[in-house]
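A short worksheet on the structure shown next.
The values are calculated or read from the model by the stated rules, or taken from the named source; none is laboratory data. Everything numeric in this text was worked out from a predicted model, so none of it was measured. FYI the Cβ positions are ideal-geometry reconstructions off the backbone, even for glycines, and counts take in every protein chain you see. Keep in mind that these areas ignore ligands, DNA and RNA; they rest on the heavy atoms of the full protein, side chains included. Shrake-Rupley method; radii C 1.70, N 1.55, O 1.52, S 1.80 Å.
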Amino acid sequence: MIEQAQEYMRIGEFAKAEELYLELLANEPDNPKILYLLSVAVKRQNRREEELSYLQKAYVISPEERFVLHGLGNAYLHQGNTDQALEYFEKEIRIDPNYPQGHAAVAYTHLRQGNWQQAEQSARTALRASDEHQPTMLILAAALLEQGKADKAINYYQRVIEIDPNNGVAMEGLGQAFMLNGQAAFAAQCCRNALELDPSQANVLQLLGSAEQAQEQWENAAEAYAMALELSPESLDSLAGLAGSLSQLGQLQQAESLYMRLLKLDPQRHAERLELSRLFIKQAKYRKIAANLQPLLGLPADHPDRLQGYVIVAQGQLLEDEAEVALRTLQPALDGVSVDPEAQLLHVEILTHLDQPGKALKQLAELLMLKNVPSRARLMAVQLGSTHGETEQLELALEQLYELEQQGKMSAAQTTKANKFRVRVHHRLGQYSQALAVARQTTREAAKIVNLSQELEYSGVEFPSTEVLAQFPAIPIADGRSEPIFLLAWPGTGRQKLLAAMQAHPAISIANESPQNRRELLLGVTKNDALEAMSETDIRLLRKRYWRRLKQALPDWDEVQGVVDAQWLPVEALPMVYRLFPQARIVILDRDEADMELSWSLYGYPDISTMLQEYQQQSQLLIQAKEQIPANFSEFDWDQLSAAPESELKRLFADLKLPWDAAVIEAFKRADAPMVFPAGDWKYYQGEQS
């Protein structure tokens with residue numbers, strides 16, 4: 001009868017096996033083996049309470065029977081009672097110290113309890129008795145992994161895979177070990193191998209997403225996390241991973257929605273709450289930051305997430321030009337026992353914003369004394385030192401740059417930025433040969449306006465006469481928006497500094513270059529006869545197309561009154577500008593030719609003579625345009641603007657018919673013009689330039 005019951009167990013007929021075991025038990029009620037077999041039969045039918053009851057009866061009858069002790073340990077382990085399970089497993093190996101499965105069971109229970117060292121020790125004991133036992137090797141590898149011993153864990157996972165190439169658990173574990181070891185590419189391959197065995201493993205897809213993220217393969221990471229979420233829609237880690245990947249891909253709104261969904265499921269996910277706030281900063285949604293971080297700001301005083309929350313809130317306030325408020329907000333992060341370098345860097349930015357460069361330099365000097373200083377701190381020290389420092393700070397700035405280069409910690413973009421500062425430092429120290437030498441190391445693409453002028457080849461352009469222009473019908477603007485503001489300014493005239501000042505006005509927004517370029521539209525028609533032939537319908541259609549393209553470059557389209565079209569625009573475009581927008585304001589920013597030529601040389605432009613030739617040609621065209629086109633021109637000279645910024649900027653805003661705002665002059669003072677040098681400095685380079 002017992003053989004028949006075991007056959008039923010083998011073919012999965014557990015209920016029939018149970019019936020036979022019960023008949024046997026009726027004849028032998030004190031037989032521990034039958035009680036044990038009955039416990040297995042009911043366990044297979046998912047009747048775990050009855051399983052435990054049969055095992056307890058067997059234990060009372062035979063308290064030292066090894067299979068009974070093992071069964072009891074597993075039953076309690078299933079209930080989550082690891083202490084009770086460990087008690088029976090340890091009793092089992094005291095009875096039989098050479099029983100490998102007993103030691104493996106003890107190791108697994110320690111693993112469940114988080115006792116990694118005891119788990120490792122017990123697993124090694126089990127392997128001494130049976131060195132090819134796969135479950136034990138997996139337990140040992142997991143215990144090693146939890147202790148950060150990735151290399152040793154890799155060894156055991158690979159041993160299991162050598163024995164059984166289709167062991168998906170080992171493949172996943174090997175991927176985790178490679179990730180811990182910083183070998184993300186190997187980890188990703190392990191995940192793909194595991195998914196070939198079983199594509200429905202959400203946890204492996206999540207690990208694959210992490211491995212792809214570590215390699216900055218954001219599209220692959222997003223795909224893996226999305227597939228993981230299809231299998232496990234409530235996986236918070238997959239939600240977080242997908243949100244982070246989409247953020248890196250520039251899909252900010254989708255990323256924001258995912259973070260919001262995650263935080264609704266678990267409001268205690270602090271890291272994701274911080275990431276959502278950083279996303280708000282990317283999207284200029286500064287007003288949302290404080291509300292989102294409120295739960296973190298109520299944490300204990302020195303909790304790192306609380307302090308990081310204050311840093312992000314202050315960062316948003318600074319970006320809204322509320323520097324003094326930002327300084328007060330940041331104070332708890334600066335008063336902490338251990339101050340985060342990011343908080344110190346933000347403190348420096350705020351002090352700079354408040355026009356306190358001396359305090360900012362002092363703060364930076366303290367920060368640079370720390371170990372593992374962020375490269376951004378060194379670059380900031382160079383920038384501040386080159387602008388505000390005395391000789392000692394300037395020499396320190398050069399040392400910081402040298403140290404960064406020696407460490408190899410600068411990206412290509414940072415190297416370009418660093419060279420720009422290096423040029424300025426050498427210039428301020430009177431080291432003109434060195435300044436020019438560094439500039440020649442950083443060869444830049446010729447200014448866009450030069451390339452445009454060369455492409456157009458309109459050296460013989462004839463602008464429409466005033467009489468012709470007067471015949472053009474005035475087409476009123478029907479969309480209620482004021483006409484755009486155009487800026488004609490060459491490199492070296494302080495263009496970026498003027499734009500920063502204009503953007504500080506609450507009624508103005510700046511539209512820079514855009515993927516769908518507006519320039520080609522404004523340069524589409526330049527000849528007199530073509531301009532005259534344009535109908536009212538043509539004008540309205542082109543104007544609508546222009547506004548649509550402009551809108552794509554402006555996130556705050558609905559909130560501003562005036563728009564500065566800051567794309568590079570040659571003089572040849574002015575007839576079309578006037579034809580489409582006769583009331584548009586054209587702001588011209590110019591400077592002495594020799595001073596601009598110095599800026600071009602020190603900025604690293606490759607062919608100064610060509611730039612100079614194109615500038616002179618554009619200047620002659622501009623004289624002709626101003627004589628023949630009755631547009632609204634506002635002309636400024638950089639040296640006069642920098643000498644008397646408030647009066648000159650007030651003149652500009654009066655021309656724009658906008659009220660004066662003090663934020664404009666503050667922004668002008670704060671904005672950097674790194675490659676615009678004082679008037680007359682070109683004389684120092686007369687013997688240096690070829």
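Out of all the residues in segment 319-326, is one or more open to solvent by 50 Å² or more (accessible area, probe 1.4 Å), outside any loop (DSSP other than H, G, I, E, B), touching a residue at least 24 places away in the same chain (Cβ under 8 Å) and of a type in the set (D, E, K, R)?
Within segment 319-326 (the criterion being open to solvent by 50 Å² or more (accessible area, probe 1.4 Å), outside any loop (DSSP other than H, G, I, E, B), touching a residue at least 24 places away in the same chain (Cβ under 8 Å) and of a type in the set (D, E, K, R)), the answer is yes, since at least one residue qualifies.
Just the residues that are in contact with a Pro (Cβ under 8 Å, 6 or more places away or on another chain) and closer than 23 Å to residue 64 by Cα, please, taken from segment 109-129.
If the condition is that a residue be in contact with a Pro (Cβ under 8 Å, 6 or more places away or on another chain) and closer than 23 Å to residue 64 by Cα, then 126, 129 are the ones that fit.
I need the helices (runs of 4 or more DSSP H) fully contained in segment 45-138, keeping only those with at least 1 residues that are open to solvent by 30 Å² or more (accessible area, probe 1.4 Å) and more than 28 Å from residue 153 (Cβ to Cβ).
Those helices (runs of 4 or more DSSP H) span 48-61, 66-79, 82-95.
Being outside any helix (DSSP H, G or I) and aliphatic (A, V, I, L, M) is the filter; apply it to segment 656-667 and report the residue that is farthest from residue 485 (Cα to Cα).
Checking each candidate, the answer is 658.
Checking residue 234 against (1) under 29 Å from residue 184 (Cα atoms); (2) of a type in the set (D, E, K, R); (3) in a helix (DSSP H, G or I), only one condition comes out false. Which one?
It fails just one condition, (3).
Could you say whether any residue in segment 189-205 is in contact with a Cys (Cβ under 8 Å, 6 or more places away or on another chain) and in a helix (DSSP H, G or I)?
Within segment 189-205, one or more residues are in contact with a Cys (Cβ under 8 Å, 6 or more places away or on another chain) and in a helix (DSSP H, G or I).
Considering only residues that are touching a helix residue (DSSP H, G or I) at 6+ places or on another chain (Cβ under 6 Å) and of a type in the set (S, T, N, Q), look in segment 5-50 and name the one that is farthest from residue 62 (Cα to Cα).
45
For segment 306-316, does any single residue satisfy the condition of being under 21 Å from residue 250 (Cα atoms), touching a Phe, Trp or Tyr at 6+ places or on another chain (Cβ under 7 Å) and small (Gly, Ala, Ser)?
yes
Of all residues in segment 250-280 being open to solvent by less than 60 Å² (accessible area, probe 1.4 Å) and outside any helix (DSSP H, G or I), which is farthest from residue 318 (Cα to Cα)?
Among residues in segment 250-280 that are open to solvent by less than 60 Å² (accessible area, probe 1.4 Å) and outside any helix (DSSP H, G or I), the one farthest from residue 318 (Cα to Cα) is 266.
Check whether at least one residue in segment 551-562 is in contact with a Lys or Arg (Cβ under 8 Å, 6 or more places away or on another chain) and over 25 Å from residue 497 (Cα atoms), and report yes or no.
no
Out of the residues in segment 335-347 meeting the condition of being more than 16 Å from residue 296 (Cβ to Cβ) and over 24 Å from the mean Cα position of the chain (by Cα), tell me which one is modelled with the lowest pLDDT.
For segment 335-347, the residue satisfying everything is 337.
In segment 225-257, how many residues are under 18 Å from the mean Cα position of the chain (by Cα) and among the acidic types (Asp, Glu)?
Final tally of qualifying residues: 2.
Limited to segment 341-354, what total is found for residues that are open to solvent by 60 Å² or more (accessible area, probe 1.4 Å) and closer than 18 Å to residue 277 by Cα?
Number satisfying all stated conditions: 1.
Can we say residue 675 is of a type in the set (A, V, I, L, M), open to solvent by less than 80 Å² (accessible area, probe 1.4 Å), touching a residue at least 60 places away in the same chain (Cβ under 8 Å) and over 26 Å from residue 349 (Cβ atoms)?
So residue 675 fails the test.
I'm trying to understand the selection: among the residues of segment 146-201, which are in contact with a Phe, Trp or Tyr (Cβ under 7 Å, 6 or more places away or on another chain) and either farther than 26 Å from residue 112 by Cα or open to solvent by 70 Å² or more (accessible area, probe 1.4 Å) (or both)?
Residues satisfying the conditions are 146, 186.
If you check 269, 261, 306, which single one turns out to be farther than 30 Å from residue 215 by Cβ and more than 16 Å from the chain's Cα centre (by Cα)?
Step by step, each of 269, 261, 306 is checked, and only 306 is farther than 30 Å from residue 215 by Cβ and more than 16 Å from the chain's Cα centre (by Cα).
With respect to residue 305, is the statement that it is over 25 Å from residue 245 (Cα atoms) and either of a type in the set (D, E, K, R) or open to solvent by 70 Å² or more (accessible area, probe 1.4 Å) (or both) true?
Taking the combined requirement at face value, the residue does not satisfy it.
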